[in-house]
Each structure stands twice: as C-alpha cells, then as structure tokens.
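Just so it is clear, none of the values below were taken in a lab; they were calculated from the coordinates. These figures come from a predicted structure and were not determined experimentally. Glycine also receives a Cβ, built like all others from the backbone with ideal geometry; neighbour counts cover every protein chain displayed.
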Amino acid sequence: MSKSADILPSDKVFADFRRQCLSVDNWHSKYDKNGMEVWVEVPSISSQGSKPQKVHKIKCRMTIKDVAAETMYDVLHDSLYRKKWDPTMLESFDVARLSSNADVGYYSWICPKPLKNRDVVTLRSWQVNDIEYMILNYSVKHPKYPPRKDLVRAVSVLTGYLIISTGPKSCLFTYLSQADPKGSLPKWVVNKASQVLAPKVLKCVHKAGQGYPEWKAMNAPSYKPWLYPEQSDLPMMDPAELAIQRADSLENVDESSTKESAENEAEDSS
C-alpha cells in the first residue's frame, strides 16, 4: 500500500486483518469481563523490524446477544446516525468515493482539556463475505484537507472492525486499532488510555445498534449506499490522488501552552 496507485486495500490486506482479529498468538489479555475482552499485541522483531512500534495495537472483542451482525455493520457506516450516538464527534463527513467499496472521509473529535481536539482523514474500505462483515481504514493525505492549525492531526495506522454473525440477532464484534493521536502525549499514556477507552466505545456502539432499527425506520430506511453503491451521490475520486499519511511526517504539537491557557482562563474568571 505504499504506492499511491496501490493505495486501495487488496483481498490480502483484508485477509490479514481478519487473521489479526481472530488470532490469540502474540496478544496479551488486559481485560475479560461481562462478554468484553481486550488484548494488546506483543510486537515481534520479525514483524516490526529491529525497532518496535511505539503505539500499541489494541484489540477489543464484544459478544452481542441482542443485535444482528448486519445491523451493527449498518451502524458503523451510517454517518447521519453517528451524530445521534457519538458524543465526542465534532465533525464528520464523507469526501469522495474511490470505488464501489471504498471512500475517503474526514472526522474530528473532542479531547478532554487541556488537550487539543483531534482530526483525521482516512481511506475506508469494506467487505462482506457470507456471515462476516469487515471495515478497515488508515490515514491518508488529501490535497484539499491538510492539517488544521486549530486541531492536532492524528494518524490511523490501521483501524477496523470484524463482525461475525452468530445468530439472527447475535454477533461477535471485534475492533482492532493501531492509532497515534500525535501531539505531546507520552506513548505510555496513549497505550494505557486506549485499553480503558476501547471497551467504553464498544459499549456505546452496542447501545447504538440496539436503537438503530427504530431510528432507521423513520430516516430513509431504504438508503444504504454502503450496500447499494448506485445510491451514493458522492463525487468519484482517483485513489492515485491520495498518499498514505505517516505519523512521523506530522509535527508533534506542544500542548503545554493549551494547559497554561486553560489555567489562565480559570484565573481570569475567578
């Protein structure tokens, strides 16, 4: 995926993502309670080279007993519904179609003070096979959406979902991510926080899945461009116009001034 012409994920990439989601080798269990499991990958020298990744790869799996796999898949795709259930979202929109099963989009979110809010531009692609649904994304450079001064540009090295149907209204939901929020956060803080936040995010997504059928029935129930590409009104874009966004090519923003500003504002208001 290093060349812009080959930026769209191949079947091999999807197969490897699926393997990582299902694998238990080289993963440390960090949490296992009430149908929720969290693992952190143990990087191997052979896969990471002589220098291991600084940001952990995390995997979170949830057993869902009351929502169908196809419903959870729709929830992850439906950008209009996300505004209803994602409390940290600042702005989210799809930019362009790249193929029948790939697009590029923008997402920004609220970070707790004194940190600056983050944003990301990602290439997203999806695949449906029998009872399995996969969505994966990674950060890209888009000529019309460069990093903004008021936000810290984060990087998704690889983030995605594997949803496996286990019954008419049940599924196994796996979230896997390796992402760098950039800024001045120490990597150990990032790694620790991700282990705590991932289960909370999945519980939020599960709740969204429970409410989706009722909401969708009243909001363009037949409109699902992720299933029916002909419904999409997004402009087409040549994938070769995009490039992979590397974390090391982005500036590490010093957020200490943000903390000082917050403290000064508190003093001024007192």
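Given H placed on each backbone N at 1.01 Å, which residues far from C111 in sequence or on other chains put an amide H within less than 5 Å of it?
N117, R118
Please list, ordered by chain and number, the residues whose modelled amide H lies under 5 Å from the amide H of A243; skip anything fewer than 5 residues away on the same chain.
Under 5 Å from the amide H of A243: K141.
Efficiency by 1/(1 + (r/R0)^6): what FRET value for S222 and Y145, r their Cβ-Cβ distance, R0 = 35 Å, to the nearest 0.05?
Once rounded, the FRET efficiency stands at 0.70.
Sorted from largest down, give the three principal axis spans of the alpha carbons of the stretch 1-157, whole angstrom values.
45, 40, 39
Please list 3J(HN,Hα) in residue order for the stretch 112-124, calculated via the Karplus relation 6.51 cos²θ - 1.76 cosθ + 1.60 where θ = phi - 60°; whole Hz, with x for glycine and proline.
Ordered by residue, 3J(HN,Hα) equals x, 5, x, 6, 6, 5, 10, 9, 8, 10, 10, 8, 10 Hz.
Working from the alpha-carbon coordinates of the stretch 102-186, get Rg over Rh, Rh being the Kirkwood radius.
Rounded to two decimals, Rg/Rh equals 1.07.
Which entries in K141/K224; K65/K207; K141/K216 show an alpha-carbon gap greater than 22 Å?
Too far apart for the 22 Å limit: K141/K224; K141/K216.
Using the beta-carbon distance between C204 and D130 and R0 = 25 Å, what value does 1/(1 + (r/R0)^6) give for FRET efficiency, to the nearest 0.05?
For C204 and D130, the calculated efficiency is 0.35.
Looking only at the stretch 135-155, which residues have a backbone nitrogen under 19 Å from a spot 7 Å from the Cα of S23 in the C-beta direction?
Output list for this probe position: 135-138.
For I110 and A15, calculate 0.36 nm times their separation in residues minus their Cα-Cα distance, and state this gained length in nm to one decimal.
Working: separation 95, 0.36 × 95 = 34.20 nm, distance 3.28 nm.
My answer for the length gained is 30.9 nm.
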